[in-house]
Amino acid sequence: MEAYNLYLKGSFEIRKVTPEGLEAGLDMMNKAIKLDPDFALPYIGIAYYYGLATDFFMAPNVAMPQLKIAALTALRKTTHAG
């Protein structure tokens, strides 16, 4: 439940689309993953973060590989769930 709450708070922060919100959201997603490495949603949040980062402050050649890793990890976690 704590990992889910961190995911929700992180999603809220990322969707603010401010430098502070993006940083706080990414931090919360990583904390959620530390609590529950098999929880797929924080990986999706990280992928979303990197997608936004390319619009504002990160070169696509840096962000897109990270987005891909996070998205593929989320898919693996979802596939192996249940």
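Coordinate-derived values only; no laboratory data. Please read these numbers as outputs of a predicted model, since none were measured by experiment. Ideal geometry is used to build each Cβ from the backbone, glycine not excepted, and the neighbour counts take in all protein chains shown.
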field: Student exercise, segment 2-79 dipole from Lys, Arg, Asp, Glu Cβ charges, in Debye to nearest 20
entry: 200 debye
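May I ask for the net charge around Ala24, where only other residues with Cβ less than 11 Å from the Cβ of Ala24 are counted and Lys, Arg are +1 while Asp, Glu are -1?
Numbers: positive: Lys9, Lys16, Lys31; negative: Glu13, Glu20, Glu23, Asp27.
That sum, taken over residues with Cβ under 11 Å, equals -1.
If packing is taken as the mean number of other Cβ atoms within 10 Å per residue, what is the order of 58-71, 36-49, 1-14, highest first? Mind dumping the intermediate values first?
Numbers: 58-71: 14.6, 36-49: 20.4, 1-14: 17.6.
Peptide ranking by packing, descending: 36-49, 1-14, 58-71.
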message: Give the lysines reachable from Lys9 as a straight Cα distance under 16 Å; neighbours fewer than 8 places away on the same chain don't count.
response: Lys31, Lys34
- prompt: Relative to the longest principal axis of the chain, what angle (0 to 90°, nearest 10) does the C-alpha long axis of helix 60-79 take?
  reply: 20 degrees
- request: Whole number please: convex hull volume per residue, Cα atoms of the chain, in Å³.
  value: 71 Å³
- line: Around Ile46 (Cβ within 13 Å, Cβ-to-Cβ, excluding Ile46; K/R +1, D/E -1) the net charge comes to +1
